[in-house]
Amino acid sequence: MTKHYLLTPGPVPVPPEIALKEALPVFHHRTGEFAAVYGDIAKGLKYIFQTENEVYALASSGTGAMEATVANLLSPGDRIIVASCGIFGCRWIEIAREYGMEVVSVSVEWGKAVKPAEIEKALRENPNVKAVYTTFVETSTGVANDIKTIGEIVSKTNAVLVVDAISGLVGQEFRADEWKVDAMVSASQKGFMLAPGLAFIMLSDKAWKLVENSKLPKFYFDVRKYKKFYAVSETPFTPPITLIVALQESIRLIRKKGLENIWNECGLLAKAARSGMKALGLELFGEAPCEVVTSALVPVEIGVEIVETLREKYGVSIAGGQGDLKGKIIRFAHMGYIGKADLLVGFTCLEMVLIELGMKIEKGKAAAAVEKVLLEAM
């Protein structure tokens, strides 16, 4: 029987306290019992998003919430800017074009971060754009964008800033209101330490003005419905009740530990993971590495095999590259319920796989490098 270690950038392991909540009997969602749970969640989500705005929970993946921001903020033919640095930035473009938007693309080579100055330039050249869409942590590359600076730039225009914070929220510092973010989305299967199935969407007053004038079709993802039901601590459609109850426990655990403590811990694990990669002789990928996943270049001839062997032989799941990066990089997560011991196990097994696949590595070097960073922080 193989013990499995889930070290992918979503989904991540679910703590037993949270998993047990999903095993409780299901109750009806049009009751005071549900309203009490949902009302408590509403307060907690504001804390996690670092906002005074309402945050709505949707029964969908994060991509559903991404689509909701397009459908609710825009009208046919609107022009938007999409600042992309990876596969999920490109997803904004795909969604927007499906809805008939005119997209001004500010794209950079995968592995690089979006340059705020390029967004500023695009805004000057396109003063009529309705929104700027971008990504906080681009999980496909392990790069983090400077949302604080981008928020300051966009706030001086009539455009709204929309951010995909699906991967970075909870694990890396993010302050929605302070950074002048107008709309943002996230999801349950990463920093929230839940199973997939819930998405979240936040809108500022500036964003709501666009909602009021939006002419795109929507029904299930119409945020006006969610706002109406939010006032009475309900959802407009049947929610995934077990996930909602588990979310309440997730928020309790996050609040108990404190966001800043979580940010610091993820930062430490990121430092240890980078050290482990270097000890294996692997070059880090990305010019502005994030705190929730570490990416490194691997020999193309064994890139896919590394991930498969690690999972099949040792029960350790990490992620490989996506799109044009398939077989070229590996991605090792350190968010949510992934901790120090998981890093030690993961890097030890990764080292054994690399040796098995022909790389010349001094045995024990990766774990020693990770351990050194962890001990220095004690």
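The values are calculated or read from the model by the stated rules, or taken from the named source; none is laboratory data. Not measured: the values here are computed from a predicted model. Neighbour counts are summed over all protein chains in view; Cβ atoms, including those assigned to glycine, are modelled from backbone coordinates with ideal geometry. Just the protein is used for accessible areas: all its heavy atoms, side chains included, with ligands, DNA and RNA removed. Shrake-Rupley method; radii C 1.70, N 1.55, O 1.52, S 1.80 Å.
Per-residue ellipticity at 222 nm from helix content only, as computed over the chain with -39500 (n - 2.57) for each DSSP H run of at least four residues, stands at -13500 deg cm²/dmol. Residues whose amide H falls under 5 Å from that of Leu161, counting only those 5 or more places apart or on a different chain, are Val132, Asp182, Ala183, with hydrogens built in the peptide plane.
If you plug the beta carbon distance of Ser155 and Lys326 into 1/(1 + (r/R0)^6) with R0 = 41 Å, you get a FRET efficiency near 0.65. Estimated from the Cβ-Cβ distance and a Förster radius of 22 angstrom, the FRET efficiency linking Leu216 and Asn128 is about 0.80. The stretch between Glu260 and Ser107 holds 52.0 nm of extra length on full extension. This uses 0.36 nm per residue minus the Cα-Cα distance.
In summary, the aspartates and glutamates within cross-link reach of Lys156, defined as a Cα separation below 19 angstrom excluding same-chain residues under 8 places away, comprise Glu118, Glu120, Glu125, Asp146, Asp177, Glu178, Asp182, Asp205. Note on the range 1-47: with neighbouring protein chains present and a 1.4 Å probe, carbon and sulfur make up 63 percent of its accessible heavy-atom surface. A value for P(r) over Cα pairs in 20 Å bins from 0, in percent was derived from the coordinates, and within the list [x] 30, 58, 12, 1; [y] 26, 45, 26, 3; [z] 29, 55, 15, 0 it appears as [z]. If only the Cβ of Lys and Arg carry +1 and only the Cβ of Asp and Glu carry -1, the dipole of the range 74-213 around its Cα centre is close to 80 debye. The simple spin-label model puts a point 7 Å past each Cα toward its Cβ; for Leu253 and Ser233 those points are separated by 2.3 nm. The residues of the chain expose, per residue, 42 Å² of accessible area to a 1.4 Å probe. Under 16 Å of direct C-alpha separation, and excluding same-chain neighbours fewer than eight residues apart, Lys256 reaches these aspartates and glutamates: Glu17, Asp40, Glu265. Model label sites at Lys225 and Thr242, defined 7 Å from Cα along the beta-carbon direction, differ in position by 2.4 nm.
Highest mean packing first, where packing is the average number of other Cβ atoms within 10 Å per residue, the peptides 57-68, 183-194, 19-30, 151-162 line up as 183-194, 57-68, 151-162, 19-30.
Beyond 29 Å in Cα-Cα separation lie the following of the pairs Lys46/Lys326; Lys180/Lys278; Lys21/Lys340; Lys115/Lys365; Lys21/Lys209: Lys46/Lys326; Lys180/Lys278; Lys115/Lys365; Lys21/Lys209.
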